[in-house]
1. Just checking, does the range 44-54 include any residue being loosely packed, with under 15 Cβ neighbours inside 10 Å and more than 16 Å from the ligand (Cβ to nearest atom)?
2. Residues that are small (G, A, S) and either at pLDDT below 95 or over 21 Å from T186 (Cα atoms) (or both): does the range 220-235 have at least one?
3. Answer yes if at least one residue in the range 228-247 is among the hydroxyl-bearing types (S, T, Y), surrounded by 14 or more Cβ atoms within 10 Å (Cβ to Cβ), within 13 Å of the ligand (Cβ to nearest atom) and within 16 Å of the chain's Cα centre (by Cα), and no otherwise.
4. Of everything in the range 95-115, what is touching a strand residue (DSSP E or B) at 6+ places or on another chain (Cβ under 6 Å) and either near the ligand (Cβ under 10 Å from one of its atoms) or of a type in the set (A, V, I, L, M) (or both)? Give them in sequence order.
5. Which condition number in (1) outside any loop (DSSP other than H, G, I, E, B); (2) basic (K, R); (3) within 22 Å of S295 (Cα to Cα) is the one that K184 fails?
6. Which residues, taken from the range 70-97, are among the hydrophobic types (A, V, I, L, M, F, W, C), assigned to a loop (DSSP other than H, G, I, E, B) and modelled with pLDDT of 95 or more?
7. Out of the residues in the range 73-93 meeting the condition of being in contact (Cβ under 8 Å) with a residue 40 or more places away in the chain, of a type outside the set (A, V, I, L, M) and within 10 Å of the ligand (Cβ to nearest atom), tell me which one is surrounded by the fewest Cβ atoms within 10 Å (Cβ to Cβ).
8. Output the residues belonging to the range 254-270 that are surrounded by fewer than 21 Cβ atoms within 10 Å (Cβ to Cβ), within 11 Å of the ligand (Cβ to nearest atom) and not in a loop (DSSP other than H, G, I, E, B).
Amino acid sequence: MNSFPEHLRRHEIPEPVALVKGNGDLAKISVKTDWSTAEIYLLGAHVTGFQKDGEPPLLFMSEASQFAVGKPIRGGVPIVFPWFGSREGRALHGFARVTEWEWEGSSVAPDSSMTLRFRLPDSAARADGSPPATVIFAVTVSDKLAMELTVANPSGTDSLTFENCLHTYFTIGDIAEAEITGLKGTTFIDRMGNVTQGVESADAIRINSETDRLYLDTTQRVAIHDLRHRRKIAVEKSGSASTVVWNPWAEKAKNMPDLGDDEFKHMLCVESGNVTQNKITLAPGKSTSLKVVLSSHQMEAARELSR
Ligand code: TA6
């Protein structure tokens, strides 16, 4: 413990929480609750693990992921901020996920759920030449995983425009036996090949090739049906108008150094945020919160894959 910087050592660390050295000797917080375990790296305030007792891990983590300041972690819940995707000469998906956040403390609720709060250092925006923003990330661990990203505009005069996204990687038993429901009728931008726009016609979306879709103007609850694990995962959100569905599939996975060639079969990204035309503009002094609650339960009877 005492090999950690002073600002970490001063914390009152309640029993179920431990500050440890994780991969790459990065500071990692591990949490144990009555229902589950979780782990969060200070790098990117990145939740890299959540597992309910008696269930497979909920979050997928690549065995080939990097663990180094300045490098994104492959898996878990990368925090995308203040932009989504590429920006000329700047980090893909913004600087939040490659920056070490400050741990602001943790608290235990009467129901013994555990909340941990993190702050994006102001220096990160300064270093990038981006406008200042106060960014707090709160993670609550119980039989569910709740995450809340709050962005406040500290300026007294200027508005602040940004994109954000909790880029969640879910563990899937077999991608060929998984379905996503809750997006039917939603407009999407398909970023495969020539970018096209469409409206989702499927009750249940199946993934059988590289998929990269931005579903827009949707506040819908989404469910992932993982038939191999007989598990249904619910993604509930607020303060989010976009849902992104991504799987790199075989070819792209081969060209990703931080993802194993076959790992695409066991991961699915269903991301909640505000991207492209759903980007947010905050007036001076205003704030907004993106909240996502992940819950899961074992399916009694095997659900048939919809034909
Ligand atoms: O959210 C989907 C996406 O934007 C894809 O286009 C793909 O690039 C993915 O994110 C992963 O991005 P990363 O920068 O982590 O390799």
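The values are calculated or read from the model by the stated rules, or taken from the named source; none is laboratory data. Quantities reported herein were computed from a predicted structural model and do not represent experimental measurements. Because the Cβ atoms are built from the backbone with ideal geometry, glycine has one as well, and the counts that use them run over all protein chains shown.
1. yes
2. no
3. yes
4. Listed by number, the residues that qualify are A96, R97, V108, M114.
5. The single condition K184 does not satisfy is (1).
6. I73, F81, W83, F84, L92, F95
7. That would be G85.
8. If the condition is that a residue be surrounded by fewer than 21 Cβ atoms within 10 Å (Cβ to Cβ), within 11 Å of the ligand (Cβ to nearest atom) and not in a loop (DSSP other than H, G, I, E, B), then C269 is the only one that fits.
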